[in-house]
Each structure stands twice: as C-alpha cells, then as structure tokens.
Amino acid sequence: MTALTIPGLDQAPTTHERLLSWVREVAELTTPDQVVWCDGSQQEWQRMTDRLVEAGTFTRLKQKPNSFYAASDPSDVARVEERTFICSVEEKDSGVTNNWMDPNEMKAIMTELYRGCMRGRTMYVIPFCMGPLDADPPRLGVEITDSEYVVVSMHIMTRMGAKVLERLDADGEFVPALHSVGAPLEPGQQDVPWPCNDIKYITHFPEERMIWSFGSGYGGNALLGKKCYSLRIASAMARDEGWLAEHMLILKLISPEEKVYYVAAAFPSACGKTNLAMLQPTIPGWRVETLGDDIAWMRFGEDGRLYAVNPEAGFFGVAPGTNWKTNPNAMRTIAQGNSLFTNVALTDDGDVWWEEMEGDPQHLTDWKGRDWTPASKEKAAHPNSRYCTPMSQCPILAPEWDDPKGVPISAILFGGRRKTTVPLVNEAFDWQHGVFMGATLSSEKTAAAAGKVGDVRRDPMAMLPFIGYNVGDYFQHWVNVGKSADAAKLPRIFYVNWFRRGEDKRFLWPGFGENSRVLKWIVDRLEGNAAAADTAIGRVPSADALELSGLDTPKADVEEALKVDVEEWKAEVPLIEEWFATIGDSLPSSMRDELEALKQRLGH
Ligand code: SAT
Ligand code: MN
C-alpha cells in the first residue's frame, strides 16, 4: 500500500522489468519521501548543486566556474576496509585478503539497517555505465542512493542518465548497487550538511554481481561504480570471462619519432599514480597523454594483444601534494571548473587550497570549518582530501580514451614505495615471473595509514583492498591469462621504485617528470634497443643504459638506485615466504616455483 503513494515511483522512464521491481522493492523497504529517476542532464546538475548549496553541504567557489567545496563529517573521510565485505556464498572464495560474512546473514543485518532509512529524503535512481557506452557488452549498473552528493559525483565520474537507460532497455544486464547514508529524517528535523551513520557496511555479493553500501558518503564507499563495481565485482566478472580488472593507470607515450606505446601501471595509494598518468616528460621530444589514473580493464583483442579501457569518466585524485610542479596537468584540469573538492581548505576569496599547493595563504578555513593560519598545528586540508573533475577537461587527454576497443598495452608496471632493496627499474624474465613480481608487490606504510610508518606490507598488484575473490585464485587467474595468450604479444612486465633512499635518507631518484627516462628505457627494451643485465631478481639496466643527459642527479646516485644487493634480497625472502604462508593452499604452485627459483639465483 505505502509504495503506491511514493511520488515518482511510477514515473519510471523505463519498462525494464527487473529494474522496476528492484526499485519498487527498495522504495518499499527504505520509504523515501519521493523517487527521482536521474537523467544526467545539465538541468539536473544545476538542480542538485543548488540544493546542496542550500543544504550547506556545498559552498560555491567564486574563483572556479561551476565548482563546489564540501566538508564531510570528520568521521567519514576515507574507505573503511575493516567494514568492507566480500560475501561470496563460500567463505573460501573470499580469501585471506577480505572480510567475509555469509550472504544471507549479511542481507538480514543490512535489510534491518535499510528499513525506513530514506525517510524524509529523496531516493535517486542513477543508471550508469562503466567504460564506453558502445562497448560490447556495455558494463551497466544502476545505483540507488539518498545522497545528492553522490548524484553529482556520479555525473563527473561515470557515463550516466538517460542515454544509459536506453542501452539498458536494449541489453538487460546491470549491476544493482544500493547506497544509503543511513540518516533518516523525522518530520521537521533539520538535516546536517553531511549525513552519515556510525554503522557502516560496504558489501559485495560477487555471485549475484550486487553491491550494498550503508552509512558513508565518502567516494570509495558511496560512488559504487568505482572501487566496488569496477574492481571488486569486475575482478570476479573478469575471472569468469578471461580478462583483467586492475588498479592501474593507463598512459600513452609518444616518442620523438611519433611512435606510440600504451603503458598500464599499478601502484598502491600515495605512490604517485595520478602524477605518472599525467607526467610531463623532461627528455626532449617525448610526450605523454593520459587515458586513466586509477582503473584499467584489459581484454584480449582479435589480434591477440591485451587492450585496456578506463571504466571511469573523471579523476578522483588526492589533493594534497598536487601542484604546478608535481602535476601541472591535474592543475590545468581543475582550473577549468566543473569540479568538486571535498575536505580541502577554503581561501578567503572563495577558492580551494591544500598542503604543498603554490601560494602562501595567511588565512584559510580548514576542512573542519575552523580558522587556519600558518601558525596552526594541524593541516588545513585532510590528507585524503579529493578533487573530482571531468577527464574531458584534461589538456593531455588521449583522443582515443573513449574508444570501446581500448588501447593495446605494451608494458605493465608494478611499483611501490621502498627505501631499500628494490631497484629503480627491473624487467621480469617472462609473464609468470612478472606475475610473481606483482604478487609480491610491497610498499612502506605512509604516515597517513595506521600502523608503524615504514613497515613493509604486501599489496599484491596494488589490489589488496580491491580483489573481489580469493587472492590465490586471483594469482592463478593472472598466470592463466598469460598461458592463454601468444607470449610474444603479451605486455612485458616491469617493476619500478621511485623512492629508494641513500645513506643520508635522501631520495636517490628525483621522480616526477624525470620518470620519463625510465619509461624511455622500457620502450627501448620493447624495441630491442636497450641493454640490461640479468640479475637474481630480473633484468636491470646500468646507469649508462638510461638517458641521463640534462639530469641534475649525480650518476653515482642513479647507480645506487639501480643496485641489486644480494644480501638485501636474501633478507627479503623470509618476508615473501611469510606473505605466501598467509595465503595457504590456494597459492598457485607456480608462485612457489618462482620463489624457489629466486632463492636459487640468490644462492640462498
Ligand atoms: O576509494 S577511492 O576511490 O574513493 C579512493 C582511494 O582510496 O583510492
Ligand atoms: Mn585508487
């Protein structure tokens, strides 16, 4: 009875039966005041942003057109990994890297949380598509949310609205993604600028290809097309269908001879992924164009090569540290406006600021709404504050970024943040050895994360919080992908470390635009034009094999950055053994073989 009285519910611009019945079921459970079907139009953006300004969630920026500042609840600033679940039917299919609960048990708990949770709010239905709309098949989803912040963020980060519904009517399949901030309003109750709930669940049902999220408004917890769909659910789809869904940037490198190479690269957070995606080469004649900064879906093409598409349509980048020196192209992208900024600081003249940005502000409003001056002890912007900006505004966007075919990947890079042991660049002997490199990817914890700073943790393929199934099966899938292909057509795999330090703790390699020198060596390798020495851990260049002209760094430092120290690597072996032991029986035997082979080569 109640459902029939919810305004908007019956004004669905679709006849898709499964969608209609799911929307009705959710509306009956969550009892919103009204239902709105999102069309993705400019008018909708206008309406939503006006409403968010009125609610106090958004502050309109005076210095950037059509752009807004938002401050979250101080408790709702990041992904909540301990509240993130992979509810596969069998626990073993979730694996040691994920939290698991029986799907029926989880549904019972969350159904009670969802009951009446949209009271006093509007329920939005957002049809969206990850990746190009004319892909075959298009990867469609529908997010139901009670957050206007989510609606406008999805406008930027995904293809969404009426055009998606058209495809949906024709193709049928979609991933249902239910989201609520979990903050119902009693009649007459004043809303807060950032509604959320202390109880949070970010839940995935991989067999059903379904996502349920409750209690948080933050990006990765609430924009369900991103990590939830495009990595956790998509990795399970990819396993079943023989492709890869990875936490990788996609860049296009153009040589002075106008030869084009596409590179995909995986790094854990705070290791410069967005900066590398938009790199400005320091070596003359080389250019970089961007196709994506966070996620790559890779499928074999008819020619047997691995082709990548970026499922997203926007950048959701970490703001602090981004400036005209570290990432001029990100700065140019946001300067055009049409962007959202969350948990950064606000300047007195109505612009945004964050740590390490140019300028020397004497007074700001910090992300918690307090006065900030250079004497303040706390940072003005939260370390995980974000800009959300359309990719189409990126001045170095590759024109083929929206091509449903994707781009053929020539090299895959893995990397982490290591002070010692791991050389600047190192090429795998073959695909399986490259999978081993990815499977043992390691990075030091940064000050932003919990735990002892500098502690090395394994982050396989930089996917630790994003693998939607058992990590051992995931490694096996990577090995299988290599076996199913023509080895000569597979991307070559490299491991990079921009963060190695010398005796006095200084960085041995300058990073940023200078990383183009490493990219050049990599494509020279592909062309058979660059030397490398076989070491115990892989193929490593000497300093002479790198283009170093014009580099300020002393050659001795570069040599140090490239060094493979057998004693350091012998000390690394037990750490890898410990990591593999946690995976247990599902670890593929090929990964044990690779570890044994490494030990042999080290004379261990
Ligand atoms: O999860 S998000 O995509 O919002 C950001 C991140 O933590 O990588
Ligand atoms: Mn990411």
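Bear in mind these aren't lab numbers, they're just calculated from the coordinates by the rules spelled out. Predicted, not measured: the structure shown is a model, and the values here were computed from it. Methodologically, a virtual Cβ is constructed for each residue, glycine included, from the backbone with ideal geometry; neighbour enumeration extends over all protein chains shown.
Observations on the model:
- Net length available on complete extension from residue 542 to residue 108 is 150.3 nm, with 0.36 nm assigned per residue and the Cα-Cα distance removed.
- Since only 244, 468, 530 are under comparison, the one whose Cα sits farthest along the positive direction of the charge dipole of the chain, derived from C-beta charges on Lys, Arg, Asp and Glu, is 530.
- The range 315-393, dipole about Cα centre (Lys/Arg Cβ +1, Asp/Glu Cβ -1), debye to the nearest 20: 320 debye
- Near-label residues of the range 400-420 by backbone N, under 17 Å of a point 7 Å along Cα→Cβ of residue 575: 414-420
- Among 272, 58, 203 - extreme Cα towards positive end, dipole of the chain, charges at beta-carbon: 272
- Dividing the summed -39500 (n - 2.57) terms of all DSSP H runs of n ≥ 4 by the residue count of the chain sets its mean residue ellipticity at 222 nm at -7500 deg cm²/dmol.
- In the range 330-388, trypsin sites (Lys or Arg not before Pro) in a DSSP loop with at most 10 other beta-carbon atoms within 10 Å: 377
- Using only side-chain charges placed at the Cβ, +1 for Lys and Arg and -1 for Asp and Glu, the dipole size of the range 177-293 relative to its Cα centre rounds to 280 debye.
- Stretching the chain fully between residue 207 and residue 373 yields a gain of 54.6 nm (0.36 nm per residue, less the alpha carbon separation).
- Average silhouette area of the range 108-248, convex hull of alpha-carbon atoms, in square nanometres: 9.1 nm²
- Proxy reagent accessibility, fewest Cβ within 10 Å first, across 391, 160: 391, 160
- For the range 315-393, with +1 on Lys and Arg beta carbons and -1 on Asp and Glu, the positive-most of 315, 327, 381 along the dipole: 315
- Order of 403, 524 under a 10 Å beta carbon neighbour criterion, fewest first: 403, 524
- For the pair residue 533 and residue 480, a Förster radius of 25 Å applied to the C-beta separation gives a FRET efficiency near 0.25, rounded to the nearest 0.05.
- Average Cα contact separation per residue, the chain, under 8 Å, 6 or more apart, as relative contact order %: 14 percent
- Put simply, the C-alpha atoms of the chain give a gyration tensor, and the ellipsoid matching it has half-axes of 40, 28, 23 Å, longest first.
- Residues of the range 497-514 with amide N under 19 Å of a point placed 7 Å along Cα→Cβ from residue 358: 512-514
- Those residues of the range 361-377 whose amide nitrogen sits under 12 Å from the label point placed on residue 348, 7 Å along Cα→Cβ: 361-365, 372-374
- Cross-link pairs exceeding 32 Å between alpha carbons, from the set 377/505; 379/419; 64/325; 92/505: 92/505.
- Rounded to the nearest 20, the Cβ-based charge dipole of the chain about its Cα centre (Lys and Arg +1, Asp and Glu -1) stands at 780 debye.
- Backbone HN-Hα couplings from phi across the range 23-31 [Karplus 6.51/-1.76/1.60, Hz, Gly and Pro as x]: 4, 5, 4, 5, 5, 5, 6, 9, 6
- Exposure proxy ranking for 20, 113, 508, based on other Cβ atoms within 10 angstrom of each Cβ and starting from the fewest, stands as 20, 113, 508.
- Amide hydrogen neighbours beyond the local backbone of residue 85, cut-off 5 Å, H modeled: 202, 203, 204
- With θ taken as phi - 60° and the Karplus curve 6.51 cos²θ - 1.76 cosθ + 1.60 applied, the whole-hertz 3J(HN,Hα) list for the range 247-258 is 8, 9, 7, 10, 10, 10, 10, 10, 7, x, 8, 6 Hz, x standing for glycine and proline.
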